[in-house]
Amino acid sequence: MRLLLFTGKGGVGKTTASAATAAAAAARGSKTLVLSTDPAHSLADALGTPLTGEPTEVDTGLYAMQVDTQAAFERTWRDVQGYLLGLLERAGVDALQAEELTVLPGAEEVLALLEVSRQATTGPWDLVVVDCAPTGETLRLLALPEALSWYVERVFPAQRRALRAVRPLLSRVSGPAVPRDDLFDAVERLHRELLQVRQVLTAPSTSVRVVLTPEAVVVAEARRTLTSLALYGYRVDGLVANRVFPTGSDEPFLAGWAAAQAEQLAAVRADAGGLPVLVSPYRAAEPVGLADLTALGQQLYGDDDPAADVDGAALVDVVRTADGFELSLALPLARRDELQLSRSGDELVVTVAGHRRVLALPSALRRCFVAGAVLRDGRLLVRFEPDPALWMSR
Ligand SMILES: Nc1ncnc2c1ncn2[C@@H]1O[C@H](COP(=O)(O)OP(=O)(O)OP(=O)(O)O)[C@@H](O)[C@H]1O
Ligand SMILES: [Mg+2]
């Protein structure tokens with residue numbers, strides 16, 4: 001099973017590219033599901049057919065669904081939250097504080113992720129294509145399993161202890177409505193499921209494609225997205241440059257746009273570090289419906305398999321060099337001026353545009369000092385050389 005996630009800035013063509021990719025894969029005989037986590041019903045609009053929260057067959061081998069996170073959220077977490085709120089308030093906990101204690105960060109995104117993971121692990125699919133919400137939310141969504149691990153591991157035990165402590169008081173005040181351990185067990189179950197989500201999202205058969213239009217503002221955001229995805233440990237295996245104007249027009253308006261886009265595309269290609277840049281032309285009309293989407297898929301992938309894994313390079317790699325070692329980290333389209341590197345004991349801390357990744361260094365590198373670092377061909381290369389002092393002391 002192959003899992004492909006499409007992300008990018010708002011309005012660049014994520015939904016269109018996801019649907020076109022799914023249609024192209026299904027046309028080649030893959031049993032394909034395209035799934036949208038966006039609450040706006042644009043996947044249904046692009047396909048030109050209504051969708052529900054369960055997979056619907058829209059063409060031979062092509063299924064589509066719209067994850068209804070709002071409904072799922074109402075069904076599950078609100079119950080739990082309402083219960084906890086009532087409980088805490090009756091125990092005299094300040095309303096604001098009670099609210100804070102019961103908020104589960106990103107609960108709706110969690111539910112969307114759980115559905116993606118459920119379809120990917122138990123569905124009959126060869127390929128699952130996910131049309132993610134715009135960049136900001138997607139990044140949060142992708143980082144969430146880790147954030148929630150943190151929450152469950154540190155905050156939740158404290159909450160649990162706090163509630164246990166007030167329980168005797170509660171039973172006096174409010175009769176039978178004491179905090180139930182099964183509620184906590186439910187949250188811990190959720191935590192386990194999220195660890196599975198993380199596993200699915202970072203599996204070697206999973207990759208992300210970033211959609212952009214070749215315009216300066218969009219490209220700048222795509223650069224940041226790519227970097228943060230790489231930092232979070234997600235594999236990006238391609239870029240989709242969408243709505244590309246035809247070149248060679250005599251019309252100054254079109255020629256101007258085409259020239260500006262060509263310049264942006266050249267910059268993207270130069271920094272992509274071997275990452276394929278798939279191009280889809282600006283079409284004369286909105287690509288809506290299966291015929292248009294299949295045609296767009298053909299333009300994007302030609303006769304290639306849309307689900308093919310195009311980049312096998314490791315995300316993090318360490319090789320031996322004449323002087324020591326070189327650690328390389330995939331950071332396609334990253335900018336030098338947004339990158340910071342620091343060494344903290346046995347860890348290497350990479351910060352890019354506010355996103356931070358802490359890399360635990362393998363033992364051979366711990367006894368080395370950082371001799372230098374460069375950004376080349378979409379990878380950050382950090383040179384390590386043996387530190388005589390450290391070799392002596394260990
Ligand atoms: N190659 C193209 N040629 C012409 N129109 C396109 C092309 N790709 C997308 N569009 C149109 O651009 C609009 C935005 O596309 P789409 O909905 O796929 O973007 P999105 O990134 O999913 O947006 P959102 O961030 O709102 O989810 C739609 O009207 C779509 O039909
Ligand atoms: Mg969309």
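Derivation of every value follows stated rules applied to the coordinates shown; laboratory data play no part. This one's a predicted model, so the numbers in the text were calculated from it and none came from an experiment. Because the Cβ atoms are built from the backbone with ideal geometry, glycine has one as well, and the counts that use them run over all protein chains shown.
How long is the gain from V279 to L339 if the chain were fully straight, where each residue apart is worth 0.36 nm and the alpha carbon distance is subtracted? Kindly include the intermediate steps, with their values, before the conclusion.
Numbers: separation 60, 0.36 × 60 = 21.60 nm, distance 2.82 nm.
Fully extending the segment from V279 to L339 adds 18.8 nm.
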Quiz item: At V349 and A364, where each label point lies 7 Å from the Cα along Cα→Cβ, what is the point-to-point distance in nanometres?
Solution: 2.7 nm
Exercise. Using 0.36 nm per residue of separation minus the Cα-Cα distance, give me the extension gain between A203 and A262 in nm, one decimal.
Key: 17.8 nm
Exercise. Measure off 7 Å from each Cα along the Cα-to-Cβ vector at E286 and L375, then give the distance between these two points in nanometres to one decimal.
Key: 3.7 nm
Practice problem: Pop a pseudo-label 7 angstrom from the Cα along the beta-carbon direction at both R192 and D94 and give the gap in nm to one decimal. | Solution: 3.7 nm
Quiz item: Please state the Cα pair-distance histogram of the range 258-394 with 10 angstrom bins from zero: what percent is in each bin?
Solution: 10, 30, 26, 18, 11, 5, 1
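Within a Cβ distance under 13 Å of Y63, other residues only, what is the Lys/Arg minus Asp/Glu net charge? Intermediate values should be presented prior to the final figure.
Values: positive: K31; negative: E54, E57, D59, D126.
Summing Lys/Arg as +1 and Asp/Glu as -1 gives -3.
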Self-check item: Cα coordinate range in the range 335-394, projected on the principal axes (Å, largest first)
Solution: 37, 20, 15
Self-check item: the range 193-324: radius of gyration over Cα atoms, expressed as a fraction of 2.2 N^0.38 Å
Solution: 1.26
Self-check item: Summed residue charge, Cβ within 13 Å of L348's Cβ, Lys/Arg positive, Asp/Glu negative
Solution: +2
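What number, in percent, do you get for the relative contact order of the range 212-364 if the mean sequence gap of Cα pairs under 8 Å and at least 6 apart is divided by its residue count? Mind showing how you got there, number by number?
Details: 193 pairs, mean separation 38.4, N = 153.
Value for the range 212-364: 25 percent.
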Self-check item: Percent antiparallel among DSSP beta bridges (both partners in the range 230-367, rounded to 5)
Solution: 80 percent
